[in-house]
Amino acid sequence: MWGGRFGAGPSKLMQQINASISVDKRLWRQDIRASKAHAAMLRDCGILSTADAGAILAGLDQIAAEYERDGVPERLELEDIHMTIETRLAEIIGPAAGRLHTARSRNDQVATDFRLWVREACSEVIGGIEAMRRVLLDVAEENAETIMPGFTHLQIAQPVTLGHHLLAYLEMLTRDRSRFLAARERMDECPLGAAALAGTGFPIDRHQTASALGFARPTANSLDSVSDRDFALDYLSAAVQCSLHLSRLAEELIIWASPPFGFLILSDDFSTGSSIMPQKRNPDAAELVRGHSGRIMGAMTSLMVTMKGLPLAYAKDMQDDKAPVFEAHDLLMLSLAALAGMLGTCQFNPKRMRAAAAGGFSTATDLADWLVREADVPFREAHHVTGQAVKAAEERACDLADLPLSLLQEIDPRIDARVFEVLTVEASVRSRTSYGGTAPERVREQIEAARASLD
Ligand code: ARG
């Protein structure tokens with residue numbers, strides 16, 4: 001491809017370090033699509049004869065059919081997917097294949113292919129997020145009234161509903177979705193026609209290729225076009241945050257599935273056994289979702305470090321841009337699907353959750369709030385009084401609701417029998433009706449609004 005000025009070919013080792021075909025063959029569809037748009041544009045601009053363009057377009061279709069059927073051959077000496085396809089084209093149509101590369105360079109070619117790929121990847125992830133959001137909504141709806149302990153510091157804080165807890169993840173995923181949408185919109189510009197770095201003297205029509213490939217417009221600066229990988233970083237940064245959310249949910253499933261918690265049992269579909277301990281039901285899939293998020297973060301770091309020291313325009317370091325993005329995408333899609341599967345098929349244990357929610361004096365805040373509301377006690381003082389009640393309950397090893405009224409009145413005479421109405425976990429949850437709060441009626445409203453936004 002570039003042998004004109006060289007005496008001998010590159011050494012085996014040079015070929016080995018230079019070749020990217022094993023990774024970038026994944027771009028074959030995008031490469032053929034972009035080449036067809038380029039050839040048609042060259043023809044329409046009078047740069048390529050109709051006959052040559054016809055042969056090139058037919059040859060590219062034939063290659064697509066071959067790859068679809070047999071996969072992409074990996075020949076190290078052909079370096080990358082661009083040379084692999086061009087070489088095959090020459091085998092099929094002869095020397096006219098050499099005209100396809102007019103007014104183009106592999107630099108704008110790879111930038112275009114990769115952008116097309118990442119744009120599609122954004123759409124795939126958005127689909128995966130939608131599926132996950134549906135599962136979250138379904139399980140939240142079934143559990144709008146299921147009481148569980150709400151935690152801070154992993155200490156029991158106040159009772160909440162499971163539906164409310166799951167809707168918190170729905171919020172995260174909704175933000176993730178908007179990050180992928182924004183990334184996709186920002187990358188909606190076509191670098192094809194920037195050529196090696198400076199543009200070209202041929203009378204090409206970059207608007208035609210941009211619109212043929214479904215981009216909103218061509219990129220504005222040819223140097224930026226071949227040197228920019230922001231679109232890949234935007235994708236990765238959205239992927240990092242999304243995987244971080246999935247990792248947190250996976251961690252919750254792991255904790256909840258642990259027998260001392262016993263809040264849920266994972267389905268057989270998403271559990272593994274132990275080869276030595278017959279009683280084990282391990283949450284491997286959740287652990288791998290948690291683990292994969294680390295690799296996705298590593299992918300983002302890898303590409304940032306690759307890019308940060310590069311002067312304009314193209315440098316071969318940038319060939320290393322694809323592996324981390326491909327890896328991150330595969331891991332993210334798998335994580336989304338596996339987590340949705342786990343959540344959709346696990347069995348919650350409402351009894352265990354309710355019992356845990358009642359422990360840890362989780363309605364102490366309700367007692368303090370009652371004193372403020374019914375006896376006009378300043379909150380700080382009410383907090384102190386409640387602390388004494390908790391201490392008394394602790395000494396008797398009972399719940400706040402089980403303390404005799406006489407004892408409560410000894411602690412503070414302003415307490416009367418009505419206080420017991422607020423000391424149960426049900427009453428506590430029902431009372432949290434502020435906007436965004438955990439009361440079942442609020443949770444149902446949130447579910448309805450979220451459903452409307454999905455449909
Ligand atoms: N395989 C290369 C890559 O992925 C294609 C671009 C090569 N350009 C060049 N001037 N060597 O980056």
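The values are calculated or read from the model by the stated rules, or taken from the named source; none is laboratory data. Being a predicted model, the structure only gives us computed values, none of them experimental. As a convention, Cβ positions derive from the backbone with ideal geometry for all residues, glycine included, and neighbour counts pool all protein chains shown.
Data overview
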{"item": "Only one of I92, I147 that is at pLDDT 95 or above, surrounded by fewer than 20 Cβ atoms within 10 Å (Cβ to Cβ), among the β-branched types (V, I, T) and away from the ligand (no atom under 16 Å from the Cβ)", "result": "I92"}
{"item": "The listed residue being touching a residue at least 12 places away in the same chain (Cβ under 8 Å) and acidic (D, E), out of D330, D317, D284", "result": "D284"}
{"item": "Candidates K25, K12 - the one that is more than 17 Å from H101 (Cβ to Cβ), charged (D, E, K, R) and loosely packed, with under 15 Cβ neighbours inside 10 Å", "result": "K12"}
{"item": "Extreme residue, surrounded by the most Cβ atoms within 10 Å (Cβ to Cβ), among residues of the stretch 396-455 that are part of a helix (DSSP H, G or I) and of a type in the set (K, R)", "result": "R442"}
{"item": "Output for the stretch 207-249, where each listed residue is within 19 Å of M300 (Cα to Cα) and in a loop (DSSP other than H, G, I, E, B)", "result": "D228, R229"}
{"item": "Among (1) away from the ligand (no atom under 13 Å from the Cβ); (2) under 21 Å from A315 (Cβ atoms) - the single one A8 does not satisfy", "result": "(2)"}
{"item": "Selected residue (criterion: nearest to the chain's Cα centre (by Cα)) from residues of the stretch 371-395 that are without any contact (Cβ under 8 Å) to a residue 12 or more places away in the chain and not in a helix (DSSP H, G or I)", "result": "P378"}
{"item": "Qualifying positions in the stretch 225-276 - among the acidic types (D, E), surrounded by 15 or more Cβ atoms within 10 Å (Cβ to Cβ) and within 23 Å of E185 (Cβ to Cβ)", "result": "D228, D234"}
{"item": "In the stretch 301-334, residue farthest from the ligand (Cβ to nearest atom) [restricted to those that are in a loop (DSSP other than H, G, I, E, B) and in contact with a helix residue (DSSP H, G or I) (Cβ under 7 Å, 6 or more places away or on another chain)]", "result": "L312"}
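For every residue, the table says whether it meets (1) surrounded by 23 or more Cβ atoms within 10 Å (Cβ to Cβ); (2) closer than 22 Å to D228 by Cβ; (3) among the β-branched types (V, I, T).
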{"site": "Y169", "(1), (2), (3)": "no, no, no"}
{"site": "M172", "(1), (2), (3)": "no, no, no"}
{"site": "D176", "(1), (2), (3)": "yes, no, no"}
{"site": "R179", "(1), (2), (3)": "no, yes, no"}
{"site": "E185", "(1), (2), (3)": "no, yes, no"}
{"site": "S211", "(1), (2), (3)": "no, yes, no"}
